1. Answer yes or no as to whether residue 81 is at pLDDT 95 or above and either part of a helix (DSSP H, G or I) or within 20 Å of residue 51 (Cα to Cα) (or both).
2. Give the residues of the range 42-60 that are within 15 Å of residue 123 (Cα to Cα) and either out of contact with any strand residue (DSSP E or B) (no Cβ under 7 Å at 6 or more places or on another chain) or modelled with pLDDT under 90 (or both), sorted by residue number.
3. I'm checking my understanding of the structure. Among residues of the range 103-136 that are under 9 Å from the mean Cα position of the chain (by Cα) and assigned to a helix (DSSP H, G or I), which one is surrounded by the most Cβ atoms within 10 Å (Cβ to Cβ)?
């Protein structure tokens, strides 16, 4: 093999290895599961965004404080900083829409600048992990572990207003799982 052919061989092999590594990284981050790119229009709450095309997306795997609840405004502002208008995002696989929501909001993971926004919000204590509809198994464990770390470290709302994110508080049970209140009582 000539020196030039030998050099090209290593260039091709190196390119294949880099390409494989990038694909593996995208698969680990969940970005390879869906190739749809969208543009952000606005943040409506700590876990709901509106895209330029008018679709409303509820971040999959999380639940944010609403309205006047403690930390609701902080959660919304953090999401606004992560996803300002005009940001191009990658939409993860859809978990469909919730028939109980009148506007038929889609439940999806959103990736911006290589991060899963749901996971970032949980790690910062702005939202809690919430599995209805259930995200893919690989994300459930990461979200659960991130919520546990934020809770133990009193990060974000876990330190400022623990009851807002704690699933055992009565207001959350009434809203998310009324059948559990009867069993507890």
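1. yes
2. If the condition is that a residue be within 15 Å of residue 123 (Cα to Cα) and either out of contact with any strand residue (DSSP E or B) (no Cβ under 7 Å at 6 or more places or on another chain) or modelled with pLDDT under 90 (or both), then 46 is the only one that fits.
3. By that ranking, first place goes to 122.
The values are calculated or read from the model by the stated rules, or taken from the named source; none is laboratory data. Just so it is clear, the structure is predicted and the values come from calculations on it, not from any experiment. Note that we place each Cβ from the backbone using ideal geometry, even for glycine, and neighbour counts take in every protein chain shown.
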